[in-house]
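Every number here is computed from the coordinates shown, using simple stated rules; none is lab data. If you're wondering where the values come from, they're calculated on a predicted model, not measured in any experiment.
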Amino acid sequence: MVDLAEIQTAYYLVAATGVLVAAIYYISNIRATRKAQELAQKTQEQNLDTRQAQLFMNVYQTSYSNEYNEARSKIINSVKDYDEFVQFHKDPQWGSAFNYITAEVLRF
């Protein structure tokens, strides 16, 4: 017949094996999660770099458009100090140039 001590020993071995399997699963799960987080962070950094490049190219293209340069020239040639700048912005004839530049810059 089977001795009670042998049954208890087998029970302890099964329990220890279960703890060992759980520890191995936990460690592998932590490693997989860490790798996924690193990959997600790398993807976010690449997306940020791409967005910054797009923003730069949009500003660059706008700054070389004819409408933008004409509007900028009107402002630069018409304003001598801050008070004139404020009046310039309120003037409907010249304010459209300022509004165009503001809209183009803020569009990005």
- Note on the structure: Everything considered on the Cα gyration tensor (a ≥ b ≥ c; rounded for a/c under 1.5, else prolate if a/b is larger than b/c, else oblate), the stretch 1-54 must be described as prolate
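Figure the gain on full extension for Ile75 and Val19 (residue separation times 0.36 nm, minus the Cα-Cα span) and round it to one decimal in nm.
Details: separation 56, 0.36 × 56 = 20.16 nm, distance 7.56 nm.
12.6 nm is the gain from fully extending Ile75 to Val19.
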